[in-house]
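Throughout, read-outs are computed from the coordinates displayed, never taken from laboratory work. Just so it is clear, the structure is predicted and the values come from calculations on it, not from any experiment. Cβ placement follows ideal geometry from the backbone for every residue including glycine, while neighbour counts extend to all protein chains displayed.
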Amino acid sequence: MSVNLRRLGMCLAVLLLTASLLQGMGWTDLTPRLRRSASMVTDTLNHRVILFGGTNQSLSNEWFNDVWEMPLDGARACAWHQLSPSGTPPGGRGSAGVAYDPVHQRMLIFGGQNPTAQYGDIWSLSLTAGAESWQQLAPSGTTPPVRLGAFAAYDPARNAFVIFGGLGAEWYHDLWLLNLDSVVWHHLTPSGNVPGQRFNAASFYHAPTGRMCIFGGRGIGVTYNDLWALDLTPGNERWAQLSPGGTVPSGRYEFAYGYDQIGERLFIFAGWDPDGGGLVDETYVLSRPGPVWTRLEPSGVIPLARRNSTGAYDPYGGNFIVFGGDLGGDYYLGGTCCLDVGTGATIEWRLRPPLSAPALTLSSLGSGSTRIDYSAPLDKRIRIDVLDVAGRVVKGLLDETAQSSTGSLLWDGRDESGRVTSSGSYFCRLRCGLTEVTRKFSKLD
């Protein structure tokens, strides 16, 4: 009995010591929390994806207003990093209508909902790197009714934010334009047949024709798979239904999508098809000329069928990026997947892992030789040079796309002409994307 009591006392002492050591310590999330109905855009000027908001109602009924970035190149590439914009943020919400404004380098956010409110406000998130900030816009004119799931796009020709449809006090198929020069809302009434009332599907701006395009969505008792284009020519706005060829997706909404502006391709993944069996895990691309729908059959591990996920297109790596979503009920997702849809022959799903940061380690081998060990992200162009103290390139050692995350090189102490260099101080420089790593070393004869 006395031995057991001593053991119990020792255990209690260890627990008390552990509790005292752990005071003030805690886990820090390195990725966005599990969520659905978040919003995402590609910040092309800063080579990154931006994620805002969303909800997780499974445990504590959280509605987020946080902001995250995922750089698309450089040492921080492919990992999520939380941002802390200055200013007062909008209330937490999901299913907002968003668009990227590259002219003013910002993300525009309209509407959305949480359990206590549906919104009709509009916010600007300035995306100046390192100085991100929130500003609520205060437009004049008649404002759109509050709603969630509106289709949105930025029209650079008119410097305007355009929204269509959504769900609020009623199902909408109205069209609104916010002039960003005057900050005035305008209710537009285009000619032509108008798409049916709907919400929560894909919208994008097709620059070559100056049109806003929409696909799919949920309406009153119907799930759409139609494709529409809105001519935004001032004074001549007009809707036209398009008739794409190929294998047309079934009706769906709440799917992830990303638009490739250069390749003029719309990628969609998963979503909710209540008329055809529920959750889907299909991937389609809408391409030009045509347009034509193609169902893709990627290799790799196909992500789970889901709804309420969000997506964006990475124009630098040729990836369609998908984040989060839910499986219905209280089953929420938080992983990031990407579909490699670049120019290669293989189209493959894969989880998006953090890539190794570029690094250099140098070791003198004597007789004027130096060993250079390096690490760099896979499939990124890297260049390694030896420089003199004046910054001039003495010898180029490597200039290629990394085939492995680590490697070793040997500098034999000679310059580009094959002449033996003098002993003294030199620099080794590694360049990878936007990142540069330089290490000073001494050449010993």
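Calculate the translational D of segment 359-443 in whole µm² s⁻¹ from Stokes-Einstein, where the hydrodynamic radius comes from the Kirkwood formula applied to all Cα pairs, the temperature is 37 °C and the viscosity 0.692 mPa s. List each step's numbers first, then the result.
Values: Rh = 12.9 Å.
Translational D for this selection: 254 µm²/s.
Which shape class applies to segment 39-351: rounded if a/c is under 1.5, otherwise prolate when a/b exceeds b/c and oblate if not, where a ≥ b ≥ c are the square roots of the Cα gyration tensor eigenvalues? In terms of gyration-tensor shape, rounded. Label-to-label distance, Thr294 versus Ser425, with points set 7 angstrom from Cα along the beta-carbon direction: 5.6 nm.
Listing Arg35, Arg419 from the residue with the fewest other Cβ atoms within 10 Å to the one with the most, what is the order? Kindly include the intermediate steps, with their values, before the conclusion.
Numbers: Arg35 28, Arg419 10.
Ordered by Cβ neighbours within 10 Å, fewest first: Arg419, Arg35.
So what is the 222 nm mean residue ellipticity for the chain from helices alone, if each DSSP H run of at least 4 adds -39500 (n - 2.57) and you divide by all residues, rounding to the nearest 500 deg cm²/dmol?
Values: 1 runs with 21 residues, N = 445.
Estimated from H runs of four or more residues: -1500 deg cm²/dmol.
Helix 2-22 and the longest principal axis of the Cα set of the chain meet at an angle near 70°.
Taking max minus min of the alpha-carbon positions on each principal axis, segment 281-341 gives extents of 41, 23, 20 Å, largest first. Per-peptide packing, taken as the mean over residues of other Cβ atoms within 10 Å, places 192-198, 395-401 in the sequence 192-198, 395-401 from highest down.
Per-residue extension of 0.36 nm, minus the Cα-Cα distance of Ser417 and Ala169, leaves a gain of 81.7 nm for this segment.
Sequence-ordered 3J(HN,Hα) estimates for segment 440-445 from the Karplus curve with 6.51, -1.76 and 1.60 and θ = phi - 60° stand at 8, 8, 10, 8, 10, 7 Hz, glycine and proline given as x.
Of all DSSP beta bridges confined to the chain, the antiparallel ones make up roughly 95%. Label point 7 Å out from Val184 along Cα-to-Cβ: which residues of segment 218-247 have amide N under 19 Å? Inside the label zone: 233-237.
Order by neighbour count: Val67, Val420, Val41, fewest other Cβ atoms within 10 Å first, most last.
Going from sparsest to densest Cβ surroundings: Val420, Val67, Val41.
Our estimate of slack between Leu304 and Leu410, defined as 0.36 nm per intervening residue step minus the Cα-Cα distance, is 33.6 nm.
Neighbour counting of Cβ atoms within 10 Å sorts the residues Val341, Val285, Val322, fewest neighbours leading, into Val285, Val341, Val322.
Applying 1/(1 + (r/R0)^6) with R0 = 22 Å to the Cβ-Cβ distance of Gln135 and Ile262 gives a FRET efficiency near 0.15. Using a simple spin-label model with pseudo-atoms 7 Å out from Cα toward Cβ, Asp388 and Asp231 lie 6.6 nm apart. Classify segment 241-318: rounded, prolate or oblate, from the alpha-carbon gyration tensor (a ≥ b ≥ c, eigenvalue square roots; a/c under 1.5 rounded; otherwise prolate if a/b is larger than b/c)? Oblate shape, in that a/c is at least 1.5 and b/c is the bigger or equal ratio.
Highest mean first, the peptides 160-168, 221-229, 128-136 sorted by other C-beta atoms within 10 Å per residue fall in the order 160-168, 221-229, 128-136.
What ranking do 204-215, 146-157 get when scored by the average of other Cβ atoms within 10 Å per residue, highest first?
Highest-to-lowest ranking by the protection proxy: 146-157, 204-215.
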